[in-house]
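Undergrad: Handing you this structure, nothing more for now.
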Amino acid sequence: MRFLLDAEQREFTASLDAMLTAADTPSVVRDWSRGDHASGRALWRRIAEAGVFALAVPEAYEGLGPRPVELVLAFVELGRHAVPGPLVETVVAATLLTEPGPAKRLLPALSAGETMATVARDHGYALDGEAAGIRLSLTADGLRLAPGHGPVCPSLDPARRLTPLDPGGELLATDPPLAPALLLARLTTAAQALGVGLALLDRTVEHVKQRTQFGVPIGSFQAVGHQLADAKIALEFARPLVLGAALTMTEEDVAAAKVTACEAAYATARTALQLHGAIGYTAEYDLSLWLTKARALRTAWGSPDECRDTVLSGGRRW
């Protein structure tokens, strides 16, 4: 299957890439990791102005969606630039909020970037609960609007700040659309991971051109070239799976895309760490912002084993 983006899609991704490049996202990520959300919120509003969150919100509630293919293209760029915040959770919230009353009240603000949303399942941890203005909790009785959140808990990725949500709160729906929400969560996570992997590969290629041993760039060594080629092949193999899943939106295709993209990004992260040497282990070096994200996204919204099981079983509901 061959995927060709049309002119509008290419322009959309190029403009998003240019905007995020100019935003100096590494400094935004570091602020976010410390709990300073000012620069992150400003960037969030600019992303919303580009129409990213509107792609998940139905037209009836001031959105443009749902448009999964364009969401995938956007999330690849968001991952490539390591944008922090509950990105996946915000578009998942747009899928969960289907009751007319809550949807009309909450979705326009999500589409416009005026607030963020996060989601917790079965009393688990929510991503960036302290920053999100809409905190959704999926419990046995349905979808609730959590009144608050608990303390920030340690996370592998400092920019992914995890908090428990307070119990109770307004009941928004007794039968929320869980299966479509999980599909979109896994799809956008896969796209974000693909972008993370592509950024890691680009940064590592530039590094091996500059780092020298025995008087020559290490990129000229055959073993280094083979490692980078393996990473490139894995990421390019994942790309059509992610785009194809956005077209079909079946459980098996989305799960296959998620496990393939996340495993490719994780393998690329390991290669990047090895080829950067000791500097790759330091938190002060920007590479770490993508390394930790690749590991965190690998298990977000479904571990590799869970996604493989979904593919092998022919689809499984949440």
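Undergrad: Select from the range 27-80 the residues that are more than 21 Å from Ala14 (Cα to Cα) and buried (at least 24 other Cβ atoms within 10 Å of the Cβ) and list them in ascending order.
TA: Val29, Trp32, Val57
Undergrad: Additional query: Are any of the residues in the range 261-275 modelled with pLDDT of 95 or more, at positive phi, touching a Pro at 6+ places or on another chain (Cβ under 8 Å) and surrounded by 14 or more Cβ atoms within 10 Å (Cβ to Cβ)?
TA: Checked against the condition, which is being modelled with pLDDT of 95 or more, at positive phi, touching a Pro at 6+ places or on another chain (Cβ under 8 Å) and surrounded by 14 or more Cβ atoms within 10 Å (Cβ to Cβ), the range 261-275 yields no hits at all.
Undergrad: Here is a check on your reading of the model: is Asp175 under 22 Å from the mean Cα position of the chain (by Cα), loosely packed, with under 14 Cβ neighbours inside 10 Å and either at negative phi or in a strand (DSSP E or B) (or both)?
TA: Considered against the rule, which asks whether it is under 22 Å from the mean Cα position of the chain (by Cα), loosely packed, with under 14 Cβ neighbours inside 10 Å and either at negative phi or in a strand (DSSP E or B) (or both), Asp175 comes out as no.
Undergrad: With respect to the numbered conditions (1) surrounded by 13 or more Cβ atoms within 10 Å (Cβ to Cβ); (2) modelled with pLDDT of 95 or more; (3) more than 18 Å from the chain's Cα centre (by Cα), which one is the sole condition not fulfilled by Ala245?
TA: (3)
Undergrad: (1) within 18 Å of the chain's Cα centre (by Cα); (2) farther than 29 Å from Ser288 by Cβ; (3) not hydrophobic (A, V, I, L, M, F, W, C): which one isn't true of Arg45, the others all being true?
TA: So the condition that Arg45 fails would be (2).
Undergrad: List the pairs whose first member sits in the range 1-14 and is part of a helix (DSSP H, G or I), whose second member is at pLDDT 95 or above and surrounded by 11 or more Cβ atoms within 10 Å (Cβ to Cβ), and whose Cβ atoms are under 7 Å apart, counting only residues at least 6 apart or on separate chains?
TA: Every condition considered, the pairs that remain are Gln9/Glu70; Gln9/Leu73; Phe12/Glu70; Phe12/Leu73; Thr13/Leu73; Thr13/Glu77.
Per-residue answers, yes or no, for (1) part of a loop (DSSP other than H, G, I, E, B); (2) within 20 Å of the chain's Cα centre (by Cα); (3) of a type outside the set (Phe, Trp, Tyr):
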| site | (1), (2), (3) |
| --- | --- |
| Pro158 | yes, yes, yes |
| Pro167 | yes, no, yes |
| Leu171 | no, no, yes |
| Ala181 | no, yes, yes |
| Arg186 | no, yes, yes |
| Ala191 | no, yes, yes |
| Gly197 | no, yes, yes |
| Asp202 | no, yes, yes |
| His207 | no, no, yes |
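Undergrad: I need the strands (runs of 3 or more DSSP E) fully contained in the range 111-150, keeping only those with at least 3 residues that are buried (at least 23 other Cβ atoms within 10 Å of the Cβ) and of a type outside the set (Val, Ile, Thr).
TA: Filter on the range 111-150 gives 134-139.
Undergrad: Only one residue in Ala255, Ala246, Ala238 is assigned by TED's automatic domain parsing to the domain that holds Lys293, touching a Pro at 6+ places or on another chain (Cβ under 6 Å) and over 19 Å from Leu287 (Cα atoms), so which one is that?
TA: One residue alone meets the criteria, Ala246.
The values are calculated or read from the model by the stated rules, or taken from the named source; none is laboratory data. Bear in mind the structure is a predicted one, so any value in this text is a computation, not a measurement. Counting neighbours? That spans all protein chains shown, and the Cβs are built from the backbone with ideal geometry, glycine included.
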